[in-house]
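The values are calculated or read from the model by the stated rules, or taken from the named source; none is laboratory data. Just so you know, these numbers come straight off a predicted model, no measurement behind them. In this analysis, Cβ positions are derived from the backbone assuming ideal geometry, glycine residues included, and neighbour counts consider all displayed protein chains.
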Amino acid sequence: MTIEFRNSDKLPAPAGFSHASIAPAGRIVHLAGQIGTDADGTHPEGLAAQTEQAFLNLVDALTGASDATVTDLVKVTAYVVGWRESMQPELFAGIGRAAAVNPLPLVPITLVGVHSLFLDESLIEIEAVAVIAD
């Protein structure tokens, strides 16, 4: 199934994401927020490492729960503890490393700064929505 990504010429040009996605009719997959822990529950140190692992976990949740792939993603939301603009290089480094393993489409993405997450060691949590063909 082909997801269409679009941008409005009435808004600033996005860098690294799209303003909107359009999916043909299909089954909607809602993915719970994934944190940056490895299979044994260990949190790697730093935002870049946790971001990379959280995206890899998101892909594992997506492919494990359905026949979807990252190309079926239509929306991503990332929650980052204590977000500040100065954290962008570390965040983007983690996204880049995850994308080297699983190229990520330029889906609409929202980043929300939060005070804390469920586990004190977690620096980021990423949730997503995908649409797959019937």
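Numbers for the structure displayed
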{"item": "Test: residue in segment 28-43 that is closer than 19 Å to Leu106 by Cα and either among the charged types (D, E, K, R) or at pLDDT below 90 (or both)", "result": "no"}
{"item": "Residue that is nearest to Ser122 (Cα to Cα) [pool: residues in segment 13-39 that are in contact with a strand residue (DSSP E or B) (Cβ under 8 Å, 6 or more places away or on another chain) and hydroxyl-bearing (Ser, Thr, Tyr)]", "result": "Ser18"}
{"item": "Count of segment 112-134 residues which are of a type outside the set (S, T, N, Q) and in a loop (DSSP other than H, G, I, E, B)", "result": "9"}
{"item": "Residue check for Ala32: within 25 Å of Asp134 (Cα to Cα), touching a Pro at 6+ places or on another chain (Cβ under 7 Å), surrounded by fewer than 18 Cβ atoms within 10 Å (Cβ to Cβ) and not β-branched (Val, Ile, Thr)", "result": "no"}
{"item": "Subset tally (residues that are free of Cβ contacts under 8 Å to residues at least 40 places away in the same chain, hydrophobic (A, V, I, L, M, F, W, C) and in a loop (DSSP other than H, G, I, E, B)) for segment 88-109", "result": "0"}
{"item": "Any hit, segment 5-15, residues being at pLDDT 90 or above and either touching a Lys or Arg at 6+ places or on another chain (Cβ under 7 Å) or of a type in the set (Phe, Trp, Tyr) (or both)", "result": "no"}
